[in-house]
Amino acid sequence: NVPSDGIGGDMTFFDDFSGIAADRYIFAALAGSVFNVANLALCKGIAMLGLALAFPLCIGTAMVLGTVLSYVLKPSGNPLLLFIGVFVAFCAVCAAAVMHYFKEQQQSAARKVSLADNQSREEPLFGHGEPSSLSEPSMTRKLVVCIAGGILMSLWNPLVVLATNDPGLSPYGEFVFYSAAVTVTSLFLVPLIIAFPLEGGQGDSPGAVLSKWSSTPCVCHVYSFLGAVVWTFGTLFNAIAGNSKKLSSAESYAIGQCAGVAAIFWGIFLFAEFKGTDMKVKGLIVLVLVLYVVAIAFITMAS
């Protein structure tokens, strides 16, 4: 027997494949498909904005909208504490946007100084040369990709709620169809996003890009696989918690979005994304972290 309610139960995994309304399977597959599109937008956002900023913007937006939608579909717990937590999370998203503005402003100024210095050194040997034809995506495009990804990311958990509503799938059965949809849609989305990149500019041939798979260092494939394993367990555990008697789906989903806090630490300490910024930016980092922690605390108390 599979304890799908967090305490114990009589439903087995194989019961998910008989006697369940067809729309429950559709909702589970839609949840995986929507998540996959949102995740691609998040990955592109990270590439354009950096981990410490794209993650809070995208996941913060998803946290607010996804929690509200999940609660509307399946109300539970103390709504006042829950929505106070959601409001504080929204404040964290706004603070992250302000933090990004000042970070980008300061690092852009530093790059211009460094470029001017390099050009002055190279001028006797190489002259002025031609400016680079490569153009960086506009700030508007970067923010639109991240926020659109956040809006899409907010929809997958409400679809999971619809898939598991009684009588519905267990978290384990739901996750099977969810994961299958992620796999199938990737076969179409990956070539599409290669040919028509979200960051704009000229696309590449999917065949040419995918042909480089075998020449990519093995360690990169290992990291990708480990990332998928971690995501799988995290998403499954989140679904189990949301179907338990201790947390509602809205509360479980909201708490799961604390990944944004971890991403900020990765961006700061591992990738040094805030190198060269002043104390104003660093103070905003602290504010964002505090707001996220307070938001998660309120959402936890709502249960």
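Summary table
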| quantity | calculated |
| --- | --- |
| Only Lys, Arg (+1) and Asp, Glu (-1) charged, at Cβ; the chain dipole about Cα centre in debye | 540 debye |
| Helical mean residue ellipticity (222 nm; -39500 (n - 2.57) per DSSP H run of 4+; nearest 500) of the chain | -25000 deg cm²/dmol |
| Lysine pairs within the chain, Cα separation less than 19 Å, 8 or more sequence positions apart or different chains | 9 |
| Alpha-carbon Rg/Rh ratio, for the chain, with Rh computed the Kirkwood way | 1.04 |
| Gyration tensor (alpha-carbon) shape descriptor, the stretch 227-303, a/c threshold 1.5 | oblate |
| Spin-label pair PHE225/LYS280, simplified geometry with 7 Å Cα→Cβ offset, distance in nm | 4.8 nm |
| Estimated inter-spin distance, PHE14 and PHE269, nm [label 7 Å along Cα→Cβ] | 4.7 nm |
| Under the span-like rule (Cα at least 18 Å along the axis, Kyte-Doolittle mean at least -1.0), DSSP H helices of the chain | 22-49, 51-73, 79-126, 139-164, 171-195, 218-242, 279-301 |
| Size of the stretch 176-283 as Cα extents on the principal axes (Å, biggest first) | 49, 47, 28 |
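Just so you know, all these numbers are worked out from the coordinates, no wet-lab data involved. As the structure is a computational prediction, the values presented were derived from the model and not from experiment. Cβ: placed from backbone, ideal geometry, glycine included. Neighbour counts: every protein chain shown.
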